1. Could you tell me which of Phe7, Ile34, Gln24 has its Cα farthest along the dipole of the stretch 3-45 towards the positive end, charges placed at Cβ (Lys, Arg +1; Asp, Glu -1), taken about the Cα centre?
2. Name the longest site-free stretch of the chain, where the excluded sites are trypsin sites (Lys or Arg not before Pro) in a DSSP loop with no more than 13 other beta-carbon atoms within 10 Å.
3. Would you mind checking the tilt of helix 28-45 against the longest principal axis of the Cα atoms of the chain, expressed as 0 to 90 degrees and rounded to 10?
4. Calculate the FRET efficiency for Arg145 and Arg265 from the Cβ-Cβ distance with a Förster distance of 41 Å, rounded to the nearest 0.05.
5. Taking DSSP loops as anything outside H, G, I, E and B, show the longest stretch in the chain free of GluC sites (Glu not before Pro) there with at most 15 other beta carbons within 10 Å.
6. Which entries in the list Lys134/Lys261; Lys147/Lys261; Lys36/Lys184; Lys65/Lys289; Lys36/Lys147; Lys29/Lys98 go over 28 Å, if you measure between the two C-alpha atoms of each?
7. So what's the back-of-envelope 222 nm ellipticity for the chain, counting only DSSP H runs of four-plus at -39500 (n - 2.57) apiece and dividing by all residues, rounded to 500?
8. Per residue of the stretch 11-25, what does 6.51 cos²θ - 1.76 cosθ + 1.60 with θ = phi - 60° give for ³J(HN,Hα)? Whole Hz please, x for Gly and Pro, Karplus curve as stated.
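Nothing in this text is a laboratory measurement; each read-out follows from the coordinates by a stated rule. Every value quoted in this text rests on a predicted model; they were computed, and no experiment measured them. Every residue, glycine among them, receives a Cβ derived from its backbone with ideal geometry; neighbour counts consider all protein chains shown.
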Amino acid sequence: MTELESFWFGKTDSELQDAAAHLQDFTSKAQFVIRKELRRRELNRHGVENLAESREALSLESVLKRLGIKKRVAVRGCLEEAITLNRVSSSAFKQQLKRVIQVAGGPIRWIAVSRYADQDSSWYSYEFGVPDSKINPAFPRVEIRLKTNVSLGWVVEVYWKGRDFGLGVLDGLNQDDSISTGIKHSHQSEIDRRWNNFFPNTEHLLEFEIDADPVYCCWVLTGRYSPGSELWDCHQTIARHLLSAPGGPERPRITFCPQCKAQYRPGFKQCSDCGVETVDPIAYWASTKF
């Protein structure tokens, strides 16, 4: 441990937070050490002893297990997989769906983990699915994005922008301090982890999107990194805000074949290829048991 590291190691949490709030007053080396020490203490609060263990300890599966949440890896060809593949079919990036995790005990019912790549880089994407019976083909195409202001490697502000068509979702998200605080802490931890592991490029790291899918009757929350415990709680709170939004006019929902996942307009009750009865997405998730 260097003399500079020993100096900041001996500071109290409040002194360290105060220094982080005035990071621009320190040299670039001191800024790095301050962020590193903040990250070390954050990992210790999660029971992690050193930075090398951070990726595994804060992985998605570890977080869900630590929170006592029931989960399982979905079989290939499930509806959740079809939803993810349908959403990225027009993407300009190469995409590989790694796995789908079905989750019980909350508004988020599945997580799709995908790997994207272009000519210069690759990254992982995490999609969180929230079934909602009020979403149908007449429901507006809500699109909401998280905006983050970062100064000198420090997250100073988070807020939401987009189109919610008067549903009140934007106001609800922006006025919920628990969401903004949790996201700021989680984003800061991820930025610090990447700096500590010499991956300073965080240009697209903080992207987070919310979309309404009128075909599959669900909300989809999309982020760029695996959430820790605090961010998972934020995701669940966001999902509850979405579920509390008012519904639109009642319309029959599109159905699908539970075997081949082919879509059918309302009124079609049998798959023409498989000969099995079609179901609507809400009925599918209601019948999914662990």
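1. About the Cα centre, the residue reaching furthest to the positive side is Ile34.
2. Details: sites that count: Lys70, Arg76, Arg141, Lys269, Lys289.
Here the longest run is 142-268.
3. The angle comes out at about 60 degrees.
4. Working: r = 31 Å, r/R0 = 0.77.
Step by step, r from the Cβ atoms, then E = 0.85.
5. Numbers: sites that count: Glu49, Glu203, Glu250.
Longest run free of exposed loop sites: 50-202.
6. Working: Lys134/Lys261 21 Å; Lys147/Lys261 35 Å; Lys36/Lys184 17 Å; Lys65/Lys289 18 Å; Lys36/Lys147 25 Å; Lys29/Lys98 38 Å.
Correct reply: Lys147/Lys261; Lys29/Lys98.
7. Working: 10 runs with 103 residues, N = 290.
Value at 222 nm, helices only, nearest 500: -10500 deg cm²/dmol.
8. 7, 6, 4, 5, 5, 5, 5, 5, 5, 5, 5, 10, 4, 5, 7
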